[in-house]
Structure formats: C-alpha cells, structure tokens
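What follows is a single structure, written as structure tokens, with notes after it.
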Amino acid sequence: MTNPRERGIKERLEDLPSKPGVYLMKDEAGEIIYIGKAKVLKNRVRSYFQGRETDHRAAMVLHKHVVDIEWIVTDNELEALILEANLIRQHRPKYNVLAKDDKHFPYLRLTLGEAFPRLEVVRRIEKDKHKYFGPYTDAHAMRQTLGLARELFRIRDCELDLRQKRLERACLSFHIGRCDGPCIGALSESDYEPIVRQIILLLEGRNLDLIAELTREMMEKSSRLDFEGAARRRDQVASLEKIRLSQKMDLGEFVDLDLFALSREGRWACVTRFMVRGGSVLDRSHKIVKCPLEEDDAEVMERVMIDFYPPGVQAPPPEIHLSAMPGDRELIEAHLSSLADRKVKLLQPKQGDSFKTIRMALANARMLLVEHLAKLETRNRVSHSVAALQESLGLAEPPRRIIGFDISHLQGTGTVASLVCFIDGRPHSAGYRRFHVKTVDGIDDFASMKEVVGRHFRRLREEQADPPDLVLIDGGKGQLGMAVEAIRSEGFPEQQLLGLAKRIEEVFLPGRSDPILLSFHSPALKLLQHIRDEAHRFAITFQRTQRTQHIASSWLDTIPGVGPSKRSLLLQQFGSVARIRQANEKELTDVIGQKLAKIILDAINKPEEEESNPILQAAEPGLDEVSLGS
C-alpha cells in the first residue's frame, strides 16, 4: 500500500502535460531542490519515478526527497532552456549543477545611454541602453583593460551629465592629456563617436579590425597635414601591436573562437574558457562547478555554457571548441545563435592546433580544481568555535573570516574606530584597520558606526575584494541597523552580520526583533566576546595613542623656539615626551643644539609644573597602555 507522499506524486505525474517546459521538484519543507527542463514534460518527469533505479542517476537520490512537483509550460524547448537557467540562478537548488556564485565579479559598462559615453565598473547587468563586457574573474586584468582604454582613447572618466551641464574650466585629466575635454566643449559628440566605436572593438577583442581602422585614420590625418593626430594614431597602433604580439597563439591562422575544457573530481568540476580573437588569447576565465548528483561531463558542460554567456553581454564567437560536447548540442547551438544573431557552431576537435590548445586549457582547469579542493579541505578543518557559531546562527557556511567594528572617544572628542579580523577563530593582525571618524561631531555612536562601516565596504567594492563571511558590530539594534544600512547602500545586500550588546551579551540579527541568548559556556559566544573585546582593545589603544600624541604636541608647542619641525625631530628621536623629560643636556644638544636644549631643560625642570601640570601627567604612558598591533 502506497503512503500519502507516493500517492500525491502519482497524482501529479498523471497531470503532467505532453508539452515542453520546466519542472520544479520540492521537498517536505516546500523548498525547491531540483529544477530541470524537458522537451516533453510528461515523459521526462515520469522517468525519475517509473524506471529502474539505474535508469536515471538523479532518480536514485531525488525520489527519496521529492514530495511535490510543479511545472511551467513553454512554447518550445529553447524557451525552456532559458527559463531553466534563470530559475536555477534565482533559487540555486540543492541538487542542480551550480557554478560558484559570481555575483561579485565585475563588469565593464560603456554608458551608451548618455552623452559622451564613459567606462565604469559595475557588478550587475541592468536592462538599459548601456553595453556590458565581462564578467571579469580576474579583477587585475579588468583594471588593466580599463586603464588601457582610458590611456589609448582618452575616454572621459567623470560622472557629469554632459547633456545638461558644461564646465568653464577643464579638470586635471584634460591638462595631463588623459581626456579630450568634452566637459568644456573641446570636442563634439560626432567627434567622440569614433572613440566609442574603437573602444567597443578593443573590449570585444577585435584588435586586428581596430588596428586597421587606426592605421587608416593615421594615413588620412597625415595626408591632411595633421601630423599631431597622425602621431597619436601611430602610437595607438604601436601599443596594440605590442599587446597582440605578446598574446599571439600558434593556431595556424587568425581565428575568433572560444575554447572550453572541463576537469572533474567527484562532485566538483572546473571549466576554463580561453577567449581567442584574431589568433590571440585575450582572456582566461573559469567557473568552479558543484555537481551534487555527479552528472556526466555532457550535462555539466550544458549547464555551464549557459552561464558563460549571459544575455546582454558580448555575443559568443562563430565557433566554440570544447573538450566535451554538451548533452543537447543542437539546443545549445540554437540558444547561442539567438544571442549572437548569427550561426554559432560547437566543435570537439580531436587533432590539430585547437586540440593542443584545449589540452593546455585542460591542464589549467585541473590546476584550478586542485587549488579549489585544497581550499575546501582547509575550510573543513575550521575550529570548534567557528562550527558552533555557524550552528547557533543557522549560517549556510562556516564564518571562516569574521571582522568586528568598535567606536571609541573621550567624552565626545577624538572619535576613532577599529576593525579587527579573525580567520578560523584566530586573530589575523594583517587584517586590522584603524579609522578617524571624519563626519560626526560629538557623541553619536550610531552615525560613527555608519560612517566607518560604509567606508570599509566602499573600499571593498572599489577594489573588487571579497567581503567577510560575517560582520560583528559592538552594540545593539541601533548600531546594527546603521551598519546594515551602510553595507546595503554599498552594494552588499546579502552580507551576514550581527550585533553583540554588552548588557547581557544579547546577539541581534538584522530583521529580527528578539535577540538570541547564547549560553555563557557556549564556544560560539566566547568567540564573539573575544572578537568584540579585541575590537574594543584596539580602538581604545588607538584613541589613547592619538590623545597622548596630541597632548605631547600641545606641551612642546608651549616651549619657545620649538616649532613643528623641531617637535617632530624630538618625538622621532626620543619616541615620547616622557623620554624627552628623562634626557640629559648632552642628549638634547646632539639633537637640537645647545641653546634650544637649555630652554627645554628649563621647561622640564620647573618643579611646580612637573607636579601639577595635567598636560605633563597625561603625556606619561600609563601601565594599562597597550601597544598598537599587539
């Protein structure tokens, strides 16, 4: 006799239509655990439950967990392929082939929707009039490309709306020859159009076409006796030729193609892509892929091919060479051809220059996969406290890298902040940072926290650096709310963070009104306390050091003849006011001369001020003073 779950699935199978579409399998909690496409939904979905166990690899795992099935009917199989890819990106089901999340990989956006387009770095593709290039898995290579485009073509880098506004004076970029000055009307939009077209050729890797166009312009300008313009084109051509020769591959001819190679190890795979334009390798990118059901190479390659060519970015080349052909070759070719607006062919070479290059790509894929598996092994050896923290907070991954923020001030003056970094539950001093709070006056820990957290995450965004696994804020709901607002405004909406309030060690999470109370003996709480206390120590130390230096400078400034240069010399030589006061006349004379040494000795040796002057007393380092970075 069948159980209710099996009866429910049997009824759903009977309702399946004989049409193309996408099916979504759900578990007992209603979570989507697998998404697939089908040419005929009825036949495909039934195969999971009606065949022998060995007939379908996924059936051996899925049939134990599926309690409900939903589907979306499409007009054809190509629409089903695209819908499946979009749904997998959105839901990231547990048992689908998943490429490592690349949401932090940058794109270059050419702002074709505005006057005098410019190049900028973005992290998301929007549905707009602009043109996107990427994603760049190597941020350094992306910055080199951006710098090359600005250097060769003097494209503007300001954010002015030049349809609405012009300037009377040009910026520094114009005066140093890095911009042609559209902001002051030094060139028209019609003069700017060839620059935009040439930048597109550069970013698409069509260097031969670009060199030919620049050479033609050089000859035209030379014939018109515009020797300065001709010399500039000559220099551009020389730079591009140098780059092209350094990238040249021996493929036997000038070809435009992409090369894909796949390396597997159990449930993990790595796919590398070499982008070849005009016989030159312009870029190498890769994706790490998780295969929970251990799909074969054809299924993995089919899934990844969709991810490598997102809609709205540069089109795929006419030919794509692969180490393993995707499962449904004709369907993938149709999808890529629709993106490119021309025929795209998938080939699996067995010999020749392209085959040799694929072998090189395979070696790269294997190397990258080994590196990834080594990192996984390291992450699996996280400390007991990190594992306990993951369990207590219900995090999807162990928070290996945690940063903590704290604010410190003296009665509203000299406000500073600290950032400490812990990796695998241990302090990582190289990741420590100190901040002067710049925009907040008086006592306002909330605004100070918002400024400092925002500044740090703005820098992460600008440097394309990975965010931490967890952020700890010293404080309750108020400080946490300000940190959440700052982080999300900088483009990190999924950042995990919490606040730790000192009163009864309450843990506050964003979007949750009630705090979490961890056991005082919990390793998770002890780790949070350690991070919070270290952030507090580092902030207090920095604040005291700044105050002491200010007091020392103020006292030295009261001595006649001691100006900024002499003050710096004294502090550099002796290290502190306390050591200056302990120095004898000869030591002072060796540094600043006999006359000024006697004046300083007279200022130090006034017994009534030495005993009562609060400035001198405050300049003395206390026993509780802790050196920075200790």
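The values are calculated or read from the model by the stated rules, or taken from the named source; none is laboratory data. Here the structure is a predicted model, which means the values were calculated and not measured. Using ideal geometry, Cβ is built from the backbone for each residue, glycine included, and neighbour counts are taken over all protein chains shown.
Miscellaneous remarks
- Filtered by the rule that a residue be assigned to a helix (DSSP H, G or I) and under 15 Å from Gln390 (Cα atoms), region 494-530 gives Pro523, Ala524, Leu525, Lys526, Leu527, Leu528.
- Hits in region 149-169 (condition: more than 11 Å from Pro117 (Cα to Cα), crowded, with 16+ Cβ neighbours inside 10 Å and not aromatic (Phe, Trp, Tyr)): Ala149, Arg150, Leu152, Arg154
- Condition met for Leu480 (touching a strand residue (DSSP E or B) at 6+ places or on another chain (Cβ under 8 Å), under 24 Å from His428 (Cα atoms), in the same structural domain as Ile402 (by TED's automatic domain parsing) and not in a helix (DSSP H, G or I)): no
- The number of residues in region 423-443 being under 17 Å from Gln479 (Cα atoms) and either of a type outside the set (D, E, K, R) or surrounded by 17 or more Cβ atoms within 10 Å (Cβ to Cβ) (or both) comes to 6.
- Residue in region 197-211 that is among the β-branched types (Val, Ile, Thr), in contact with an Asp or Glu (Cβ under 7 Å, 6 or more places away or on another chain) and either modelled with pLDDT of 75 or more or not assigned by TED's automatic domain parsing to the domain that holds Ala149 (or both) present: yes
- Region 283-341, subset among the acidic types (Asp, Glu) and assigned to a loop (DSSP other than H, G, I, E, B), residue farthest from the chain's Cα centre (by Cα): Asp328
- Scanning region 135-149 for residues that are more than 14 Å from Glu463 (Cα to Cα), at pLDDT 75 or above and not hydroxyl-bearing (Ser, Thr, Tyr) returns Gly147, Leu148, Ala149.
- Candidate set from region 231-248 (those that are within 16 Å of Arg206 (Cβ to Cβ) and at pLDDT below 60); member that is surrounded by the most Cβ atoms within 10 Å (Cβ to Cβ): Gln247
- Residue count for region 483-506 satisfying the condition of being out of contact with any Gly (no Cβ under 9 Å at 6 or more places or on another chain) and farther than 18 Å from Gly394 by Cβ: 6.
- Residues that are buried (at least 20 other Cβ atoms within 10 Å of the Cβ), of a type outside the set (Val, Ile, Thr), under 15 Å from Leu13 (Cα atoms) and modelled with pLDDT of 85 or more, drawn from region 37-50: Ala38, Leu41
- If the condition is being buried (at least 17 other Cβ atoms within 10 Å of the Cβ) and not charged (D, E, K, R), then region 314-326 contributes Gln314, Pro316, Pro317, Ile320, His321, Leu322, Ser323, Ala324, Pro326.
- Residue pairs meeting the criteria (Cβ under 6 Å; at least 6 apart or on separate chains; first modelled with pLDDT of 85 or more, in region 363-380; second among the β-branched types (Val, Ile, Thr) and surrounded by 13 or more Cβ atoms within 10 Å (Cβ to Cβ)): Ala365/Thr272
- Members of region 52-101 that are among the acidic types (Asp, Glu) and either surrounded by 16 or more Cβ atoms within 10 Å (Cβ to Cβ) or at pLDDT 80 or above (or both): Asp68, Glu70, Asp75, Glu77, Glu79, Glu84
- Verdict on Ile358 being modelled with pLDDT of 90 or more and touching a Leu at 6+ places or on another chain (Cβ under 8 Å): no
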